[in-house]
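Enquirer: Sharing a structure with you now.
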Amino acid sequence: MASTRKMLTKDGRVYYEINVSRGRDKSRLTRRWYAPDGWSRKAIERELAAVAAEFERQCDAGEVVSRAEQRERAAQEAAEAAKILTFRQYGERVFMPSKTVTMSENSRANYQSYLNKKIYPALGDFKLPEITPAQITALLLDIQADGKAHSTVIKVYTILHSFFKMAYLGDMVDRNPMDKVERPKPRKDEVQDDGPLAYTPAEVQKIITALEREPLKWQALVHLLIDTGIRRGECCALRWQDIDFTTGAITIARNLCYTSSRGVYLDTPKNGHTRTVYAGDHTLDLLRQLRTDQAGKAISAYVFTQEISPEPMHPQSPTRYLKKFSERYGVPGLHPHKLRHTFASIAITNGADVASVSEALGHSDKAVTLRMYTHADQESISQAAQIVREAIKKAGQG
């Protein structure tokens, strides 16, 4: 219930103080009301009662609060506003720091580059809850319209998918906008058929024949890639102590990486585990010759080194070399990773079990190995069909 009392200011002016009690836990709220000059006592009492009733209603509704409560409310609103980060702030404070823990330096740098160049300019200043599926779709379409490769658009899509999944699970947004964003399809004018992702045994034999005209170091390196399916960075990080020339066992314990921000550096293999692969006799012979040849130039702990230097070969050098090799000998699409695909494809096509191939390649998930097994020649397709027919025929005879 509101109460009123007549008061005087320091200069003698009359006013009425309206008080509203809100119980023991909250402070009393007050308001001043000044009666217009010349009003009669009854008019003042009537209007004062109306003003007091309205003030009481406002207090009960929480429309009027004390100064202390105003400060507390402002602090709460500021804290809530701080929780609603912009896309860029969440990326810098939460998303990328979490990726640093779970990703290799090379993958992290790749994510950061896409965020800085493609995503932050479009979405960086928006608050997370404000970003809509339409905005994200527009960004992906803009990248496509700019003529970028389909793989670039898919990479942006993948990063955004991971980004908003983390934000949703962390209660930063109450819905995931990526749930309503379709995975981008290639442009109609974009060439999709780059040929098979792996070579046939006959195509590999062509590469091996051409290698006989190449320098010893490159013969050994390419044979090793073909023979074992190891990554280019693992090959460049290989040390002589990792090779057992008696058994052919090679320990893969390091990976040589490069990013523009960090330069060349040593890391663990991609899945974080040391593994053993096995090289064939011809590859081991080439490695023995290379060790003898290297001893006469610059003794190094590393198998593959820079020219006249004990430092390891740059991890991007095999890619550059194979591109030139591809042009010289007419081998389309030659790349270190395509040789990994080839290793998986030929091994599985010829009866190797997926688990063993996955272990040799250093995959933490067999599904990754199966995705690499993409090349099946006509002979193997025909063989698969014949196996099915034979199985059905055998069941009918039983």
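The values are calculated or read from the model by the stated rules, or taken from the named source; none is laboratory data. All of these numbers come straight from a predicted model, not from anything done at the bench. FYI the Cβ positions are ideal-geometry reconstructions off the backbone, even for glycines, and counts take in every protein chain you see. Ligands, DNA and RNA are excluded from the accessible area calculation, which covers all protein heavy atoms including side chains. Shrake-Rupley method; radii C 1.70, N 1.55, O 1.52, S 1.80 Å.
Enquirer: Tell me the residue from Ala167, Ala145 that is under 20 Å from Arg88 (Cβ atoms) and either open to solvent by 60 Å² or more (accessible area, probe 1.4 Å) or touching a helix residue (DSSP H, G or I) at 6+ places or on another chain (Cβ under 7 Å) (or both), please. Give the derivation first.
Expert: Working: Ala145 fails: under 20 Å from Arg88 (Cβ atoms).
Just a single option satisfies the conditions, and that option is Ala167.
Enquirer: Looking at segment 275-292, which of its residues are open to solvent by 20 Å² or more (accessible area, probe 1.4 Å) and more than 12 Å from Ala220 (Cα to Cα)?
Expert: Hits for segment 275-292 are Thr276, Tyr278, Thr292.
Enquirer: Is it the case, given these coordinates, that Arg73 is in contact with a Ser or Thr (Cβ under 6 Å, 6 or more places away or on another chain) and loosely packed, with under 14 Cβ neighbours inside 10 Å?
Expert: Here the answer is no, as Arg73 does not meet what is asked.
Enquirer: Let me ask something additional. Take the conditions in contact with a Ser or Thr (Cβ under 8 Å, 6 or more places away or on another chain) and open to solvent by 90 Å² or more (accessible area, probe 1.4 Å) and apply them to Glu182. Does it pass? Write out each step before concluding.
Expert: Details: in contact with a Ser or Thr (Cβ under 8 Å, 6 or more places away or on another chain): yes; open to solvent by 90 Å² or more (accessible area, probe 1.4 Å): yes.
Against the criterion (in contact with a Ser or Thr (Cβ under 8 Å, 6 or more places away or on another chain) and open to solvent by 90 Å² or more (accessible area, probe 1.4 Å)), Glu182 qualifies.
Enquirer: Regarding Tyr258, is this residue in contact (Cβ under 8 Å) with a residue 24 or more places away in the chain and surrounded by fewer than 15 Cβ atoms within 10 Å (Cβ to Cβ)?
Expert: no
Enquirer: Do we find that Arg108 is out of contact with any strand residue (DSSP E or B) (no Cβ under 9 Å at 6 or more places or on another chain) and either in a helix (DSSP H, G or I) or loosely packed, with under 11 Cβ neighbours inside 10 Å (or both) in this structure?
Expert: For Arg108, the condition - out of contact with any strand residue (DSSP E or B) (no Cβ under 9 Å at 6 or more places or on another chain) and either in a helix (DSSP H, G or I) or loosely packed, with under 11 Cβ neighbours inside 10 Å (or both) - is not met.
Enquirer: I would also like to ask the following. Tell me yes or no: at least one residue of segment 130-139 is more than 30 Å from Pro315 (Cα to Cα), charged (D, E, K, R) and open to solvent by less than 50 Å² (accessible area, probe 1.4 Å).
Expert: The answer is no, given that none of the residues of segment 130-139 is more than 30 Å from Pro315 (Cα to Cα), charged (D, E, K, R) and open to solvent by less than 50 Å² (accessible area, probe 1.4 Å).
Enquirer: Of (1) open to solvent by less than 90 Å² (accessible area, probe 1.4 Å); (2) outside any strand (DSSP E or B); (3) not aromatic (Phe, Trp, Tyr), Glu45 satisfies all except one. Which?
Expert: (1)
One line per residue, one yes/no per condition, for (1) among the aromatic types (Phe, Trp, Tyr); (2) farther than 25 Å from Ser113 by Cα; (3) outside any helix (DSSP H, G or I):
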| site | (1), (2), (3) |
| --- | --- |
| Gln241 | no, yes, no |
| Tyr258 | yes, no, yes |
| Gly272 | no, no, yes |
| Gln289 | no, yes, no |
| Gln294 | no, yes, no |
| Ala298 | no, yes, yes |
| His314 | no, no, yes |
| Pro318 | no, no, no |
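Enquirer: Residue under question is Leu224, and the condition is that it be crowded, with 17+ Cβ neighbours inside 10 Å and either touching a strand residue (DSSP E or B) at 6+ places or on another chain (Cβ under 8 Å) or modelled with pLDDT of 95 or more (or both); does it hold?
Expert: Here the answer is yes, as Leu224 does meet what is asked.
Enquirer: Restricting attention to segment 28-35, does a residue exist that is among the hydrophobic types (A, V, I, L, M, F, W, C) and loosely packed, with under 12 Cβ neighbours inside 10 Å?
Expert: no
Enquirer: Identify all residues within segment 2-27 that are part of a loop (DSSP other than H, G, I, E, B) and open to solvent by 70 Å² or more (accessible area, probe 1.4 Å); write none if there are none. Can you show your working first?
Expert: The initial filter retains those residues of segment 2-27 that are part of a loop (DSSP other than H, G, I, E, B), namely 9-13, 21-27.
Across segment 2-27, the qualifying residues are Lys10, Asp11, Arg13, Arg24, Asp25, Lys26.
Enquirer: Inside segment 186-221, can you point out the residues that are of a type outside the set (A, V, I, L, M, F, W, C) and modelled with pLDDT of 90 or more?
Expert: Glu203, Gln205, Lys206, Thr209, Glu212, Arg213, Glu214, Pro215, Lys217, Gln219
Enquirer: If you don't mind, there's one more thing I want to ask. When you check Asp227 against the structure, is it farther than 19 Å from Gln135 by Cα and assigned to a helix (DSSP H, G or I), yes or no?
Expert: Against the criterion (farther than 19 Å from Gln135 by Cα and assigned to a helix (DSSP H, G or I)), Asp227 qualifies.
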